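Undergrad: Structure incoming, see below.
The values are calculated or read from the model by the stated rules, or taken from the named source; none is laboratory data. Fair warning: this is a prediction, and the values are worked out from it, not measured in the lab. Glycine gets a Cβ as well: all are built from the backbone with ideal geometry, and neighbour counts include every protein chain shown. The area values use the complete protein model at the heavy-atom level, side chains included, leaving out ligands, DNA and RNA. Shrake-Rupley method; radii C 1.70, N 1.55, O 1.52, S 1.80 Å.
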Amino acid sequence: MVSLADNRWRLEALTSAVDVESVVKTWRAPVIDRERDTPESVYTAECHRLAVKPNKRLVGELRSAAPMTTLDLSTNFVGSVGILPVLAALPLMRQLVSVDLRWCQILSAHVTLLAATVASMPSVTTLRLSDNPFASLGVVALLEAAQKNRSLSSIYDEMVDVVPTLLRKLERQLKANPDLAAKSEVTPRSWVQRLPNQCSAGIAAVVLADLCHWVQFSR
């Protein structure tokens, strides 16, 4: 029997996830001065604007004189809002090849922003986005990015309840892109099963809502 406290916890988890997605959808990237701004200055300024604590490790890497070719934030907790300053700084990472955002709590709204950015970054060939709670709307954005940025050839992902035909379209596009450095990998799997039971209910509802939006989009 499910207690009232359990139901309240699940409702709070769902509300929190929806609130985060609402913030992400209304976020607008700052205007960048490509002559004067640096990835570090944009990242720290946007952290300050959003009242989030900058990731010390990332600040150190951005401050380095060596051009960044790999952005690896996997297993580094930056938070669902804290990832937005990272996305703001991406356009200034002109030699970036690989972006690793595994376990960063990114939703479909985040993936849409990421995809729109890397679509115009021909240096980027690889995205690692596994173990994040996004679904079909995020995959639609990734497909559009792969169609625009023909260098994008590898997206390592473990999807959540994604329409199979959409996955096949993404995989075909990645294989068709000319700069294929490695075999594209798009592996369907249920992310919700990896969560504790109480948290699963809230996130599953967000994923279901996302999937419903995709069905409406595809009609």
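Undergrad: Skip the ligands, DNA and RNA, and give the accessible area per residue of region 99-157 with a 1.4 Å probe, whole Å².
TA: Value returned for region 99-157: 27 Å² of accessible area per residue.
Undergrad: Something else about it: Return the FRET efficiency for the residue pair Ser41, Arg150: r is the Cβ-Cβ distance, R0 is 25 Å, and the value is rounded to the nearest 0.05.
TA: 0.25
Undergrad: Could I ask something else about it? Given an 8 Å cut-off on Cα distances and at least 6 residues of separation, report the relative contact order of region 91-181 as a percent.
TA: About 30 percent, as a whole number.
Undergrad: Sticking with this one: Count the net charge of all other residues whose Cβ sits under 9 Å from the Cβ of Leu129, scoring Lys and Arg as +1 and Asp and Glu as -1.
TA: Local net charge: -2.
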